[in-house]
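The values are calculated or read from the model by the stated rules, or taken from the named source; none is laboratory data. Treat the numbers as computed from the prediction; the structure is a model and nothing was measured. No Cβ is skipped: glycine too gets one built from the backbone with ideal geometry, and neighbour counts run over all protein chains shown. Protein only, heavy atoms only, side chains kept; ligands, DNA and RNA dropped before computing areas. Shrake-Rupley method; radii C 1.70, N 1.55, O 1.52, S 1.80 Å.
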Amino acid sequence: EAKPAAPVTGEEPKEVKTPAGPEAPAPPTGEKKEAPVTGPAAKGPAGTAISQVFDERLTPPDEKAKRDVPSPKENEAFFILLHPAYLEKSKYNTISVDTKSEDYQELKKSIELNGVKDPVLARIGDEGTLEILSGQRRHLIATELNYPVPTIIQKISDADAKILVADGNLHRPHISMYDLSRSLRMKMEGMKQKAGRKKKGTFKAEELDSDEKLAQEMGMKVSKLNRIIRLSEATKDVCDRVDDNSLPLSIASAISFLKPDNQDEVLHLSDLGYKITTERVERMKKTEKAGKLDEQAMRDILEDKDLAPKQTTPPPAPQPPAPQP
């Protein structure tokens, strides 16, 4: 089934074109037809040379066909043109795609005219089917249009899969704080997993500091990075208020330590005019840990009624005048 390996020339992936207009042939849905694309990519997204090129599979697959896909070994990369039903969303990709956004619609228009130009990157997942690590939006559009999907299959570890999926989300033109926090947390997990796999004595001490490396990559201080990652435990409403600048990141990060219901209640009280501060949220955390945080306790904390009144030292008693000699 495999074709000869594609030559490694360093050239960009060849453009994938699908005929459009009234003369275009019907998309492949039943029996196998000629592929509306030409040639494989000579280079994978990660710069790995293509090891083998496989015959295209353009008809809708059954469950058996989904699991009967080429399985590369370490340092191999296979190229194959697939019906979009062969590919599934990665278990690590929990970020939703805004199909109404301007950049998504522009990508859809480009793919509708030219086909999927850049291959998606996939690996064989736990269920034996192909899961997409890079190219979720391209796959969604190809599914909608019933276009073939150029696919590069590689053997990729869970740690690298987390990093690849996170990078795909972090490089979007627009990403919400809710999605950003969860993508950064997943990338951090992947980076720490990779660092943990290295043998002792084979890396420098500074290579262990994934926080600093990721913060540098994102162009922010470590303290800000950690606060954003902390928001992966926050409710969507808390993250949305950071996005609209109605809640400072520092306070939102503190709120994220509360239980979800209590996080939402804090926002409700904020809407009623109560002033939320980091210090007050810290006192809520202690009260919650003691199992005593309810709405009334929150109101008391936000009005500082939980603080013991300051002890004032009474003025000294007047002394009687000294007797005259």
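Packing-based ranking of 138-148, 121-131, 294-304 yields 138-148, 121-131, 294-304, ordered from highest to lowest mean Cβ neighbour count within 10 Å. The tail of the calculated P(r) for segment 205-312 beyond 22 Å holds 39 percent of all Cα-Cα pairs. Listed cross-link partners Lys100/Lys224; Lys162/Lys224; Lys236/Lys285 are compared with a 24 Å cut-off, the Cα-Cα value being larger for Lys100/Lys224.
Which of the peptides 105-115, 172-182 is most tightly packed, and how do the rest follow, judged by the mean count of other Cβ atoms within 10 Å per residue?
Top to bottom by mean Cβ count within 10 Å: 172-182, 105-115.
Ignoring any ligand, DNA or RNA, what whole percent of the accessible area of segment 211-325 comes from carbon and sulfur when the probe is 1.4 angstrom? Reported share for carbon and sulfur atoms: 51 percent.
Among beta bridges from DSSP that stay inside segment 53-198, the antiparallel ones total about 55%.
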